[in-house]
Amino acid sequence: MNIIFSSPYRVLGLVSPVTSKELAKRTNDLETFLEFGQAKNYALDMSNSLPLTRTLDAVKDAARYLETDGDKLLY
């Protein structure tokens, strides 16, 4: 169940498939909001039914997990 809670796609608020450009844009947007102490919510977060803790480290890790096509397929 932990893989559902901490899925990189869920942490970044993205759906698969995602392009490198979309991944970079979302990562930059989230990092900017988090650096200012604000939480950004997306429709795909499902935060009402599944808890989501979005931190700067979690966003960076999620982006790193989706760098290669093989990793995108895994998650």
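The values are calculated or read from the model by the stated rules, or taken from the named source; none is laboratory data. Note that the structure is predicted; figures quoted are calculated from it, not measured. Glycine gets a Cβ as well: all are built from the backbone with ideal geometry, and neighbour counts include every protein chain shown. For accessibility, only protein heavy atoms count, side chains too; no ligands or nucleic acids. Shrake-Rupley method; radii C 1.70, N 1.55, O 1.52, S 1.80 Å.
Annotations for the structure displayed:
- Pairing residues of the stretch 61-73 that are assigned to a loop (DSSP other than H, G, I, E, B) with residues that are at pLDDT below 90 and open to solvent by less than 50 Å² (accessible area, probe 1.4 Å), at Cβ distances under 9 Å and at least 6 apart in sequence or on separate chains, gives L66/P8; L66/Y9; L66/L12; L66/L14; L66/V18; L66/K72.
- The residue list L56, L30, L52, L44 contains one member that is touching a helix residue (DSSP H, G or I) at 6+ places or on another chain (Cβ under 6 Å) and modelled with pLDDT under 80, which is L52.
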